[in-house]
Amino acid sequence: MTNLNKYTPVLNYQSFKSKEPLPQPQTADLNSESYFSHFTGIVREINILNYNFYSTNYVLVENSDGEIANLIISEDTYFVYDGMITVGSIITGYFPTNAPVPLIYPPQYYVMVVKVEPVWQQIKVDYFDDDLVSADGVLKLEIGDHTNIITQDGEPYTGDLENRLLVVYYGVSTRSIPAIAIPLQVVVLDAMPSY
């Protein structure tokens, strides 16, 4: 029996070598929607494109409604928990809500953050304002003494969290609107929002 994993590409954060600056995301309306949209599904195919020492991966994903999309994962994409992507993985790709999308089929989304299931904590990927409330108004952060705050490269971060794109890992939250949570970890994304 042939081992299919031998011929199937595997992606994780270590699959990439160089660092290029992230493109600036497009503006979103803070009063109505999250800064990020997402697409979740099962990985059906992985195609790797290498150009001038820069690697881009087209990951064909099918959601539970049978819709498909190519999630474009680059060296700048942040991997939640350094997850590994293989054919059959369930993943979620996060991309700016108002980012331009080429009019082709299947649609292609340039993802800034990718999450590979299973994830045992709640994750919120969004823009957080002056009061540390997410753009969609769903979550407010209360930074605790034990909250680990890092850059997407894993380095300690000591700057301001306000008006930044963040990946927030948290457990419990209040039942208020917005829900209030003390994050376990906050990852500050390299890209600055264009608000």
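When only alpha carbons are used to place a centre, the stretch 32-48 and the stretch 119-146 end up 20 Å from one another. Modelled this way, with points 7 Å down the Cα-to-C-beta line, the labels at Tyr58 and Asp190 are 2.3 nm from one another. Taking amide H atoms as placed 1.01 Å from N in the peptide plane, the amide H of Phe36 lies under 5 Å from those of Thr97, Tyr127, each 5 or more residues away in sequence or on another chain. Report note on the peptides 98-104, 162-168, 139-145: ranked by the mean count of other C-beta atoms within 10 Å, highest first, their order is 162-168, 139-145, 98-104. One decimal place: the segment Val101-Tyr81 gains 4.5 nm when fully extended, by the rule 0.36 nm per residue minus the C-alpha distance.
Note that the stretch 107-121 has calculated 3J(HN,Hα) couplings of x, 10, 10, 7, 8, 8, 9, 10, 10, 9, 6, x, 10, 8, 10 Hz, one per residue in order, obtained from phi through the Karplus relation 6.51 cos²θ - 1.76 cosθ + 1.60 (θ = phi - 60°); glycine and proline are x.
Ranking Thr174, His146, Gln185 by how far each Cα lies toward the positive end of the dipole of the stretch 122-188 (charges on Cβ) leaves Thr174 at the top. Per-residue Cβ neighbour counts within 10 Å put Tyr170, Tyr105 in the sequence Tyr105, Tyr170, beginning with the fewest. Per-residue 3J(HN,Hα) values for the stretch 81-97, derived from phi via the Karplus relation 6.51 cos²θ - 1.76 cosθ + 1.60 with θ = phi - 60°, read 6, 6, x, 9, 9, 9, 4, x, 5, 9, 10, 10, x, 9, 9, x, 4 Hz in sequence order (x marks Gly and Pro). Summarising the label geometry, the points placed 7 Å from Cα in the beta-carbon direction at Glu67 and Gln108 lie 1.9 nm from one another. For Gln152, the amide hydrogen comes within under 5 Å of the amide hydrogens of Val188, Asp190, counting only partners 5 or more places away or on other chains and with H modelled in the peptide plane.
Computed from the C-beta positions of Arg44 and His146 and an R0 of 25 Å, the FRET efficiency is 0.05 to the nearest 0.05. In order along the stretch 56-67, the Karplus-derived 3J(HN,Hα) couplings, from 6.51 cos²θ - 1.76 cosθ + 1.60 at θ = phi - 60°, round to 10, 10, 9, 10, 7, 10, 10, 8, 5, 8, x, 7 Hz, and Gly and Pro are given as x.
Amide H contacts of Val113 (H built 1.01 Å from N, in plane; Pro and chain starts excluded): Tyr78, Tyr94 sit under 5 Å, all sequence-distant by 5 or more or on other chains.
Where a number appears in this text, it was derived from the coordinates with a stated rule and is not lab data. What you see is a predicted model, and the numbers here were worked out from it, not measured in a lab. In this analysis, Cβ positions are derived from the backbone assuming ideal geometry, glycine residues included, and neighbour counts consider all displayed protein chains.
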